[in-house]
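Report on one structure; see the data block that follows.
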Amino acid sequence: MLNPNYRKKKRGEMGLTEEEFYAKQFEINNDIPEPLMKPQPSSSPVSLSVQRIRNMNFWKLYIASFMSILKLLLITALGAFLAHDRFNILRENARKHLNAMVYFVFTPALIYSSMSNTLTFRSMVMLWFMPLSILLTYIAGTVLGWILIKTIRVPHHLHGLVLGCCAAGRLI
C-alpha cells in the first residue's frame with residue numbers, strides 16, 4: 001500500500017482523485033493529512049509509517065485512543081451500578097451466574113479470538129522455545145514447591161496454594 005505506483009493504480013480503479021483516495025484510506029471527512037513525502041530510494045516502509053504518524057493531528061489521535069478507554073469505563077460503571085446492593089437490580093444469584101459466565105465463557109472466547117488473529121504457523125515455528133520455557137518453568141516451580149512443602153511442613157489445606165504459587169509465580 002506504500003508503493004506510489006500501487007496507490008496510483010488503485011486510485012484509477014476506484015475512479016477517485018488523490019484527495020478522495022486519501023480521505024477514504026484514512027477515513028477522514030474534510031480533514032486530509034498533509035501530503036506524504038515522495039518516497040526516496042533509501043526510504044523504508046517503516047520510515048514512511050512514522051512520517052504518516054507525525055503528520056496526523058495529535059488531538060485526533062488522542063481522542064481516538066481515549067474513546068476506547070471511555071467505552072471500557074462506561075461499561076464498568078454500568079456493571080457497578082447494576083451490581084450495587086443499594087439499587088439491587090441484579091440480585092446476588094444473578095451476579096454469581098454472570099460472573100461465572102464471564103470467567104468461563106467470555107474471557108476465554110476473547111483470548112482465543114485475539115490469538116487466532118495474531119498466531120500463525122510461522123510465528124509458532126519462530127517462537128518454539130516459549131512454550132517449552134513455560135513448561136520447564138512450571139515443572140521447576142512445582143518441584144521447588146513440593147520441596148518447600150516437605151521442608152517447612154506446610155499445613156495440608158495449603159498444599160495446593162503453595163504449589164500453585166511456586167509453579168506459576170514467575171510467569172504471572
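Coordinate-derived values only; no laboratory data. Note that the structure is predicted; figures quoted are calculated from it, not measured. Here the Cβ is made from the backbone with ideal geometry for all residues, glycine too, and neighbour counts use every protein chain on show.
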- Determine whether residue 114 is within 16 Å of residue 169 (Cα to Cα) and of a type in the set (Gly, Ala, Ser). no
- Task: Check 90, 74, 135, 163 and return the single one that is part of a helix (DSSP H, G or I), hydrophobic (A, V, I, L, M, F, W, C) and surrounded by 11 or more Cβ atoms within 10 Å (Cβ to Cβ).
- Result: 163
- Note on the structure: Here the residues within segment 138-160 that are among the charged types (D, E, K, R) and assigned to a helix (DSSP H, G or I) are 150
- Note on the structure: residue 77: passes all of (1) in contact with a helix residue (DSSP H, G or I) (Cβ under 8 Å, 6 or more places away or on another chain); (2) over 30 Å from residue 168 (Cα atoms) but (1)
